[in-house]
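Student: Dropping the structure in here first, questions after.
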Amino acid sequence: MTLVETIDLEKGYRVGDMVVPVLKGIDLCIEEGEFVALMGPSGCGKSSLMNILGCLDRPTGGSVILKGENLCTLSDGELARIRRDQIGFIFQSFNLIGRMSNLRNVELPMILQERPPNARRIRARELLEAVGLGHRLEYSPVNLSGGERQRVAIARALANDPMIILADEPTGNLDEKSTCEIMDIMKKLNDDGRTILMVTHDLEMTRYCSRMIQMRDGRVVQEGI
Ligand SMILES: Nc1ncnc2c1ncn2[C@@H]1O[C@H](COP(=O)(O)OP(=O)(O)OP(=O)(O)O)[C@@H](O)[C@H]1O
Ligand SMILES: [Mg+2]
């Protein structure tokens, strides 16, 4: 089943009174269960594309279809609901909240979903245990290593049981050992059936993936293994 499809997707950013085109007609299709690496030079539009697929931004042309639903026809509220319920985002800079415990960070998406406190606490604990942080539940992310922080972020991304994980350079700030740990977790998630789209600059990472999409200057220039 196709989870994500873009048709002639365009994005231009308004800068002063000019619109600078950044995505210039992207057609791509991601099937359920794939682990896709998205590569390309800095500035070619990878994060812009991820933000649109993750309902954090809107395109200026073309369409995005998530599980058969055309995002361009949805209101801001409906987009926010899809983001809350269906998307798991992992960022290079973790984006955790330092003054909250790890447990609370992972609970956050479920608080937005208004899940009962007990249920969300149990699930957050299970997710943190699954990424090997069962002994750090009450720590704050501030007191963790980079690799550990990214593991909290992965647990948080899984909290809403998303249909797709969008990871924008998840290992970009990590050393080699933490990178391997994070990639092993991502691989396991995919083996368990989770669909993942991951931006990376590191060709080495593509060995974990089932397919690679190469972008250049706002276009897809190559697809393959
Ligand atoms: N909000 C914005 N307003 C104006 N221009 C933007 C905005 N966001 C991104 N851009 C521009 O769009 C282009 C693509 O940016 P984007 O962040 O998508 O690239 P990227 O492929 O993710 O690069 P990197 O590998 O460095 O993260 C860049 O030239 C950038 O300056
Ligand atoms: Mg980027």
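Student: Name the residues in segment 58-94 that are within 16 Å of ligand 2 (Cβ to nearest atom) and either at pLDDT below 95 or within 19 Å of Asp202 (Cα to Cα) (or both), would you?
Tutor: Listed by number, the residues that qualify are Ile90, Phe91, Gln92, Ser93, Phe94.
Student: Regarding Gly33, is this residue within 16 Å of the chain's Cα centre (by Cα), under 19 Å from Pro109 (Cβ atoms) and either within 16 Å of ligand 2 (Cβ to nearest atom) or at pLDDT 95 or above (or both)?
Tutor: no
Student: Among the residues of segment 170-225, write down those that are closer than 23 Å to Ile82 by Cβ and part of a loop (DSSP other than H, G, I, E, B).
Tutor: Pro170, Asp192, Gly193, Arg194
Student: Right, something else. Under 7 Å between Cβ atoms, which residue pairs at least 6 apart in sequence (or on different chains) link something in segment 34-47 that is over 15 Å from Gly172 (Cβ atoms) with a partner that is in a helix (DSSP H, G or I)?
Tutor: Filtered contacts from segment 34-47: Phe35/Asn190; Phe35/Tyr208.
Student: Checking the condition at pLDDT below 95, buried (at least 16 other Cβ atoms within 10 Å of the Cβ) and among the acidic types (Asp, Glu), which residue from Glu176, Glu148, Glu181, Glu107 passes?
Tutor: Glu181
Student: Another question, if that's okay. Name every residue in segment 121-135 that is surrounded by fewer than 19 Cβ atoms within 10 Å (Cβ to Cβ) and assigned to a helix (DSSP H, G or I), in order of residue number.
Tutor: The answer is Arg121, Ile122, Arg125, Glu126, Glu129, Ala130, Gly134, His135.
The values are calculated or read from the model by the stated rules, or taken from the named source; none is laboratory data. Small disclaimer: the values here were computed from a predicted structure and weren't measured. Here the Cβ is made from the backbone with ideal geometry for all residues, glycine too, and neighbour counts use every protein chain on show.
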